Each structure stands twice: as structure tokens, then as C-alpha cells.
Amino acid sequence: MSAVVPIQIIPRAVPAAMKSEEDAPKPRAAKATDVLMIFPKLGTWDDIIRDIPLSVIYASTESVKRGYRVKAVDLRFFENDWKQEIDPVLKAGCGLVGISVMTGNPVRTALEVSQYIRENYPDIPIVWGGPHPTTLPEQTLENQYVDYVIRDGGSQPLAELIEYLRGGPQRRDEIAGLAYKNSKGEIKVNPPQKQFEILDYREIPYHLIDISGKSYNRLNSGELVFPIFMSAGCPYQCSFCVSPAMYRKIEGKKWVGYDAKEVLDHIQYLSERYEFPRIQVYDDESFINPKLMKEIMEGWVERGYHHKFKLDFRGIRFNDIERKEIDDDYLRLMEKVGVEFMFIGMESGSPRMLKILKKAIKVDQILRVNRKLAQFPKLKPHYNFFCGAPGETFESLNETKAVILQIMKDHPAAYVGHGGHWKPIPGSEITDTAVRDYGLKLPDKLEGWAEIDTLDMDAKAPPYSWYTKEIQDMIKLLTLAGMILDGKTKDLIGELHPVMSFVAHALIKMYRPVLRLRLKYNYAGFFIEHKAYNFAINSIGRFLKNKFNRKTLKPVTPAAWDPSGEQGAGKGA
Ligand code: B12
Ligand code: SF4
């Protein structure tokens with residue numbers, strides 16, 4: 001293997017008549033593959049939620065429409081053999097490699113892939129897209145292995161970048177959302193896109209990935225959960241979330257609901273091509289316009305989808321459920337539709353923390369809505385919360401504890417999240433607060449963000465200046481409460497293994513009174529159960545890894561690519 005080759009910027013001669021180097025003839029010609037889109041390994045999440053890599057599919061839409069040769073590979077299905085998988089494509093000639101990157105562990109694996117490509121195929125440019133580079137384009141580009149960043153929706157800018165690289169008339173300084181290093185090595189960040197990227201479902205190139213429940217499912221259940229959007233954007237300003245920063249660039253309304261008929265036709269279109277029993281709406285906020293959602297739900301029932309699919313929402317808020325339009329009839333309609341899991345952000349049970357988090361909800365509202373939902377047993381609320389954001393104290397955690405216990409009492413079938421430590425996600429307002437007011441040091445290099453991963457329940461508490469031993473103990477207690485007091489752990493294990501489920505059920509039942517006593521006295525001394533719990537979770541992780549045989553589950557490989565673009569488009573192919 002050759003040594004690390006830093007970015008090669010070959011200065012181009014600029015004829016005098018041209019305005020800038022952007023006008024200069026481009027050096028590249030059409031390649032066997034115009035872009036190889038890569039979804040990297042995420043880490044622990046890969047065995048828990050392995051959803052379709054929608055990011056690389058959506059971002060390829062305009063490129064496929066224009067007839068560019070696009071291949072996609074999902075590295076979650078490979079161990080160390082991922083290099084053999086991408087080598088043939090890169091060797092045959094590839095104009096660009098695109099990688100989709102979220103903050104945390106995906107940064108590590110995306111860097112590993114980028115380094116490999118740079119070292120072995122130094123002429124192939126690399127573009128990163130996704131939430132991480134979107135919020136930190138400059139720092140991402142400072143890394144020697146990243147040549148381009150595309151911020152926000154990737155479809156249009158990616159196609160324009162390909163056109164530029166193929167030597168077409170496209171200028172790269174005119175591609176909205178693109179950031180790059182110019183010929184002097186300076187980082188240039190073009191103005192962002194100012195409209196939401198709303199794609200025509202007929203043009204989304206789902207065929208780039210071989211979609212089936214065998215490969216894409218949760219906890220290796222074999223059940224394909226098809227993700228779709230019913231709206232774009234979110235008008236709220238929660239301080240812990242990246243959405244406000246992302247949507248600030250959008251001109252006009254920060255939320256757009258999709259046409260009801262188009263949403264229903266999209267589902268029809270998918271159901272003719274794939275087999276899936278469940279749909280998850282990936283929207284940030286689905287209920288800004290309850291009338292529109294009602295129209296979708298009525299159409300859903302008219303078309304008989306309620307006999308075919310379960311429907312889960314991840315963007316639904318406590319205040320939505322208290323709107324006057326969302327009355328009992330509305331909730332009954334949701335039950336009829338087959339709505340099951342509703343992920344509702346509670347975030348904290350402390351009035352002070354809710355203010356800091358700018359969640360725009362109140363504690364009494366949380367409790368009221370929970371009691372209301374208890375009357376609709378088919379709807380399963382899953383209330384997410386987290387601990388330890390700047391401003392958190394032992395008292396505020398105590399308030400969260402009280403709310404969790406009350407929720408469980410009022411609605412024993414409800415789920416609460418697993419808690420866990422707050423992490424500084426770049427772009428969120430509260431991350432800036434932590435830096436400004438609490439002296440938190442953020443990674444000054446791209447690779448540092450790989451350490452900011454949230455799925456580390458057993459890891460040591462983060463070294464935040466506002467953490468005390470009391471806070472850390474309380475977070476341990478709440479994390480265990482979030483997993484043990486509701487039926488989540490038992491239900492999840494039930495899906496994995498009947499014997500394991502029976503044993504887990506018995507243990508959880510025996511342990512609950514002990515945990516309740518601990519919670520009553522806020523006592524986290526001799527916390528061997530916490531260690532035992534982490535051990536059990538890690539064992540389940542290993543079990544899942546073994547059960548998920550990557551070699552036999554590989555979805556479409558670049559080598560199997562068919563220029564007609566038809567591969568994998570059949571039902572559960
Ligand atoms: C599904 C999902 C997950 C899944 C993973 C998806 C999968 N395929 O299995 C799981 C459960 C693993 C997950 C985990 C987490 N997630 Co998440 N997740 C989402 C969610 C709901 C949908 C992602 C998605 O597919 N969107 C649809 C696609 C089309 O959008 P997209 O990914 O943004 O892609 C577009 C552009 O970004 C761009 N693009 C993306 N990739 C590329 C690549 C190239 C080359 C180009 C040119 C363009 C491009 O083009 C696409 C459109 O054309 C989003 C919220 C949302 N509505 O998007 C949050 C979101 C991505 N998650 C977020 C967070 C905070 C997390 C967690 C940290 C949560 C936690 N508490 O643990 C973890 C950390 C992940 C990790 N370290 O591994 C944040 C982003 C934070 C960040 N900076 O990365 C989001 C935006 C939610 C939010 N508003 O806060 N998540
Ligand atoms: S947490 Fe949800 S409601 Fe709040 S800004 Fe983010 S997406 Fe919107």
C-alpha cells in the first residue's frame with residue numbers, strides 16, 4: 001500500500017480571457033461509474049436499527065435522472081472485506097466517491113474509507129454529505145481526505161458536481177450547497193440551498209440498493225420498516241436539536257406538508273415493489289397541519305392500507321396531541337389506521353430544563369397527554385428523554401425521575417426512552433452554550449467527532465464541568481429506570497429469542513421493586529445491577545452480531561450493477 005498522499009491539487013493554466021480558474025476546462029472525462037455512493041458502518045447501531053440507507057438513495061435522485069452512472073454500497077454488510085467490494089468499481093474508473101456521514105462513530109468509518117481511497121486511488125475526488133459535514137463544512141474540508149462537502153439535500157448539487165467533474169458547462173462556484181478547496185487549497189463555501197429538497201417519489205432511485213427485510217430491519221427481526229416522508233422541515237427551535245440550524249437557511253415557511261394523494265400514491269408505488277409490514281414516517285414534525293394528516297389517514301383507510309401496514313411516527317409532540325383538531329375521534333382514526341409507535345420527545349421532566357431546551361412544552365402537559373393516550377391502547381407512545389445537558393442538576397434529574405414514575409403509573413403500557421448522557425451535537429444551540437458558559441472543548445479536528453457517539457450506555461460519564469458524582473449516579477439510576485420499568489426490554493428481547501425473553505422477564509419482574517427502592521432513596525451505591533445490565537446488553541449485542549451474518553445478507557454489490565438500473569427492484573428482491 002502506498003503512503004498517505006495528501007490532496008493533490010494540480011494548478012491549471014487559466015487562459016487570460018477567462019474570469020477565474022472556475023472557467024478553465026475540466027480535466028476529467030466520463031468514467032465507467034460517475035459516482036460511487038457509500039453508506040458507512042455506524043457501529044453499534046448497525047445491529048439495532050438497520051434501516052434502508054435513504055440518504056444515499058435520495059441524494060442520487062437527480063444524478064440517476066440525468067443518466068449518470070451511479071452505484072451504491074452499504075458498508076454495514078461487510079467486515080474487513082469492504083475493500084474487495086469497492087475495489088472493482090474504483091479500478092474500472094470512477095469519477096467521484098460520495099459518503100454519507102452522521103456525527104459520532106460514522107465519522108471514524110467514513111474517514112477510514114476516505115483514507116483508503118485517497119491512498120490507493122489518489123485521482124478520485126471524495127465528497128461528504130449528511131448531517132455532520134452539513135453543520136461543519138469548513139472543518140470537514142480541512143481534513144486531507146475530503147475534497148468536497150455538500151450541505152443539506154444532496155440530489156441537485158451532487159448531479160451538478162458530477163457535471164462539473166465530467167467537464168460540462170457547470171461551474172462549481174455556482175453549485176448551491178457545495179463547499180470545496182480551490183486550486184490554491186483555500187476552502188470555499190458556496191451559499192446554501194434555500195428551498196427544501198422535495199423529491200418526486202417516481203424518481204427516487206430505490207433500485208440502487210437491494211431492499212428487503214432480510215437485510216434491512218431492526219434487531220435482525222427480518223421485518224422491513226419502510227421509511228418515508230410526509231412533510232419537510234420543522235418550525236420549532238429546540239436548543240438541543242440540529243434542525244433549527246439546518247432550516248434557518250430555508251427561505252419562507254420552515255415546514256411544508258406533502259400533498260396527501262402523492263403520499264398515498266408513494267406508498268402504493270412502494271408496496272407494488274417491496275414487501276413490508278410497517279412504515280415509519282421520518283418527518284421531524286408530522287402534525288403541524290392536523291387536517292392534512294387527517295386527509296392522509298382517511299385516504300389510508302379508504303385504500304385499505306390499514307389491513308396491510310402498521311404506521312409509526314417519530315415526529316409528534318405533546319402539544320400536537322392537545323390541539324383542538326386532535327380530539328378523541330382523531331385518535332380513534334389513528335388507531336384504525338394502524339398507528340403503533342409514536343416517538344414523542346419529552347426530553348426532561350424538569351420545568352427549568354424544558355425551558356433551557358426550548359422544548360415549548362410543560363410538565364403538566366406531558367402528564368395530561370400521557371393520561372389521554374392511555375385511553376387509546378393501540379397507540380404506543382415512546383417518550384424520549386436524555387440527561388446531563390448543560391444546566392442539568394441533581395434536582396432537575398430528580399424531577400425527571402418523578403415524571404417518569406408518574407407516566408408509568410398513569411399508563412403502564414407506555415415506553416420511556418433509555419435516557420443516557422447528552423452529547424454535544426454540532427449545530428445545536430445548547431452545544432454553543434456548553435462551550436460559551438461551561439468551557440466545554442469541542443473537537444478541533446474532524447476525527448475528534450468520532451468520539452461523540454451516544455450509544456455508549458456503559459461508557460464512562462463524559463467529563464463535563466457541570467457533572468457531580470450525584471448527577472452521575474442519578475443518570476445511572478434513570479438509565480436503568482428507562483430500560484427496566486417499562487415493558488421495552490422484555491418486548492425487545494421477546495422478538496429475539498423466546499427463552500431469553502422468559503428469563504429476562506422473570507429477572508426484570510424480580511428486580512423492579514429493588515430499582516424502585518433505589519429510585520426512592522436516590523441510592524446508586526454498590527450498583528452491581530447496573531454492571532450486570534451493561535453486561536447483558538453487551539451479550540445481546542454479541543448475540544445480534546452473530547445472528548446477523550453479514551456475508552449471507554449482503555445487499556446489492558457494485559459488481560452486480562446493471563446499467564439498465566433494474567436490479568433489486570422486485571418485491572423483496
Ligand atoms: C433514521 C435515523 C437514524 C438511524 C440511522 C439510519 C439508518 N439508515 O439506519 C439511527 C437510529 C441509527 C440514528 C442514530 C442517531 N441519530 Co439519527 N436520524 C435518523 C433520521 C430520523 C433519518 C435519517 C434519514 O435517513 N433521513 C433521510 C435522508 C434522505 O436524509 P439525510 O440522511 O439527511 O440525507 C440527505 C442529506 O443529508 C444529503 N446527504 C446525506 N448523505 C449524503 C451523502 C452525499 C455524498 C451527498 C452528496 C449528500 C448526502 O442528501 C440527502 C437528501 O438528498 C434523521 C432525521 C431526519 N429526518 O433526517 C435523524 C438524524 C440524522 N439523527 C440524528 C442524531 C442526533 C442521531 C443520534 C446521535 C441519536 C442518538 N441520540 O443516539 C444517533 C447517532 C448515530 C451514530 N453515531 O451512529 C440527527 C443528526 C445529528 C448529526 N449531526 O449526525 C438527525 C438529523 C435528527 C435530528 N434532527 O436531530 N439515526
Ligand atoms: S426536536 Fe423535534 S420539534 Fe424540536 S426542533 Fe428538533 S425536530 Fe423540531
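What follows draws every value from the coordinates through simple rules; no lab data is involved. All values reported here derive from a predicted model rather than from experimental measurement. Positions of Cβ are generated from backbone atoms using ideal geometry, with glycine treated the same way; all protein chains shown enter the neighbour counts.
Karplus-based coupling profile of the range 431-440, in residue order and whole Hz: 5, 5, 4, 4, 6, 5, 9, 10, x, 5, with θ = phi - 60° in 6.51 cos²θ - 1.76 cosθ + 1.60 and x standing for Gly or Pro.
Of interest is the spacing of the C-alpha centroids, which for the range 222-237 and the range 58-97 amounts to 25 Å. Projecting the Cα atoms of 44, 96, 107 onto the charge dipole of the range 13-197 (Cβ charges, centred on the Cα centre) puts 96 farthest toward the positive pole. Against the chain, whose longest principal axis comes from its Cα atoms, helix 105-120 is set at around 20 degrees. Sorting the segments 114-125, 38-49 by their residues' average number of neighbouring beta-carbon atoms within 10 angstrom, most packed first, yields 38-49, 114-125. With neighbours defined as other Cβ atoms within 10 Å of a residue's Cβ, the residues 385, 309 order from fewest to most as 309, 385. In this structure, the amide hydrogen of residue 388, modeled 1.01 Å from its nitrogen in the peptide plane, lies closer than 5 angstrom to those of 422, counting only residues at least 5 positions away or on a different chain.
Quick check: the angle from helix 260-271's long axis to the longest principal axis of the chain, C-alpha only, nearest 10 degrees? On a 0 to 90 degree scale, this one is about 80. Rounded to the nearest 20 debye, the dipole magnitude of the chain is 1040 debye, with +1 charges on Lys and Arg beta carbons, -1 on Asp and Glu beta carbons, and the Cα centre as origin. Footprinting exposure proxy ranking of 155, 539, fewest other C-beta atoms within 10 angstrom first, gives 539, 155.
Sorting 411, 306 by the number of Cβ atoms found within 10 Å of their own Cβ, with the fewest placed first, yields 306, 411. Karplus-based coupling profile of the range 326-333, in residue order and whole Hz: 8, 8, 4, 4, 4, 5, 5, 4, with θ = phi - 60° in 6.51 cos²θ - 1.76 cosθ + 1.60 and x standing for Gly or Pro. For residue 417, nonlocal amide neighbours, meaning residues 5 or more places apart or on other chains whose placed amide H falls under 5 Å from its own, are 383, 384, 385. Summing Cβ point charges (Lys, Arg +1; Asp, Glu -1) relative to the Cα centre of the range 13-197 gives a dipole of roughly 420 debye. Remark on residue 130: its backbone amide H falls under 5 Å from those of 101, 152, a criterion applied only to residues 5 or more positions apart or on other chains, H modelled at 1.01 Å from N.
Ordering 476-485, 185-194, 258-267 by mean Cβ neighbour count within 10 Å, with the highest value first, yields 476-485, 258-267, 185-194. Unpaired Cys in the chain, meaning no second Cys C-beta under 4.7 Å: 94, 234, 387.
Give the angle, between 0 and 90 degrees and rounded to the nearest 10, that separates the Cα long axis of helix 498-521 from the longest principal axis of the Cα atoms of the chain. With rounding to tens, the tilt is 70 degrees. Note that the range 149-161 has calculated 3J(HN,Hα) couplings of 10, 10, 8, 6, x, x, 4, 5, x, 5, 4, 5, 5 Hz, one per residue in order, obtained from phi through the Karplus relation 6.51 cos²θ - 1.76 cosθ + 1.60 (θ = phi - 60°); glycine and proline are x.
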